[in-house]
Amino acid sequence: MRKLDVKHAAFHVLVAVYFLWVIVIGVLVAMAMYNYINTVDAGLNQVFFKWIIYNFLTGTMLLAVIRMFRQNKNLKKVILYSYTFMLGVSVTTLLMIKG
């Protein structure tokens, strides 16, 4: 049996947490947009604004730590493109909520 490579296992855990983060921020943005479009509760817009900013800061920290590892070029592109897409969607949502 091979010796457990802790660095490799940590990388896989971080990538898994990153993709969970993508799902969470996607649902959060969808909830904020639903609340904004249907005007369910105007007070929730402030809460969604803060949640999206805090959640995006968490994702930025995850991305910074993942990029410290030497990783597969294809996975690097997938992570960078998904992060950039979520950045655009989040900023658009935040501008709509505050506007």
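The values are calculated or read from the model by the stated rules, or taken from the named source; none is laboratory data. Because the structure is predicted, anything quoted here is derived from the model rather than measured. Quick reminder, even Gly has a Cβ in these numbers, built from the backbone with ideal geometry, and neighbours come from all protein chains shown. The area values use the complete protein model at the heavy-atom level, side chains included, leaving out ligands, DNA and RNA. Shrake-Rupley method; radii C 1.70, N 1.55, O 1.52, S 1.80 Å.
Which ones in region 49-60 are open to solvent by 50 Å² or more (accessible area, probe 1.4 Å), under 9 Å from the mean Cα position of the chain (by Cα) and not aliphatic (A, V, I, L, M)?
Thr58, Thr60 - these are the residues of region 49-60 that are open to solvent by 50 Å² or more (accessible area, probe 1.4 Å), under 9 Å from the mean Cα position of the chain (by Cα) and not aliphatic (A, V, I, L, M).
Please go through region 35-48 and pick out each residue that is open to solvent by less than 70 Å² (accessible area, probe 1.4 Å) and either charged (D, E, K, R) or closer than 17 Å to Val22 by Cα (or both).
Narrowing region 35-48 to residues open to solvent by less than 70 Å² (accessible area, probe 1.4 Å): 35, 43-45, 47-48.
Answer for region 35-48, where residues must be open to solvent by less than 70 Å² (accessible area, probe 1.4 Å) and either charged (D, E, K, R) or closer than 17 Å to Val22 by Cα (or both): just Phe48.
Looking only at region 29-43, which residues are assigned to a helix (DSSP H, G or I) and either β-branched (Val, Ile, Thr) or in contact (Cβ under 8 Å) with a residue 12 or more places away in the chain (or both)?
Listed by number, the residues that qualify are Val29, Met31, Ala32, Met33, Asn35, Tyr36, Ile37.
Among the residues of region 73-99, write down those that are farther than 14 Å from Leu28 by Cα and surrounded by 12 or more Cβ atoms within 10 Å (Cβ to Cβ).
Leu75, Lys76, Val78, Ile79, Leu80, Ser82, Tyr83, Phe85, Met96
What pairs come up if the first residue lies in region 66-92 and is in a helix (DSSP H, G or I), the second is polar (S, T, N, Q), and their beta carbons are under 9 Å apart, counting only those six or more places apart or on different chains?
Between residues of region 66-92 that are in a helix (DSSP H, G or I) and residues that are polar (S, T, N, Q), the close pairs are Ile79/Gln71; Tyr83/Thr60; Leu87/Thr60; Ser90/Asn55.
Which of the residues belonging to region 1-22 are farther than 13 Å from Val89 by Cβ, hydrophobic (A, V, I, L, M, F, W, C) and either in contact (Cβ under 8 Å) with a residue 60 or more places away in the chain or part of a helix (DSSP H, G or I) (or both)? It would help to see each step written out before you state the result.
At the first step, the residues of region 1-22 found to be farther than 13 Å from Val89 by Cβ are 1-21.
Checking the rest, the ones that are also hydrophobic (A, V, I, L, M, F, W, C) come to 1, 4, 6, 9-11, 13-17, 19-21.
Passing the criteria: Val6, Ala9, Ala10, Phe11, Val13, Leu14, Val15, Ala16, Val17, Phe19, Leu20, Trp21.
For Leu63, state whether it is surrounded by 15 or more Cβ atoms within 10 Å (Cβ to Cβ) and out of contact with any Asp or Glu (no Cβ under 7 Å at 6 or more places or on another chain). It would help to see each step written out before you state the result.
On the way: surrounded by 15 or more Cβ atoms within 10 Å (Cβ to Cβ): yes; out of contact with any Asp or Glu (no Cβ under 7 Å at 6 or more places or on another chain): yes.
Considered against the rule, which asks whether it is surrounded by 15 or more Cβ atoms within 10 Å (Cβ to Cβ) and out of contact with any Asp or Glu (no Cβ under 7 Å at 6 or more places or on another chain), Leu63 comes out as yes.
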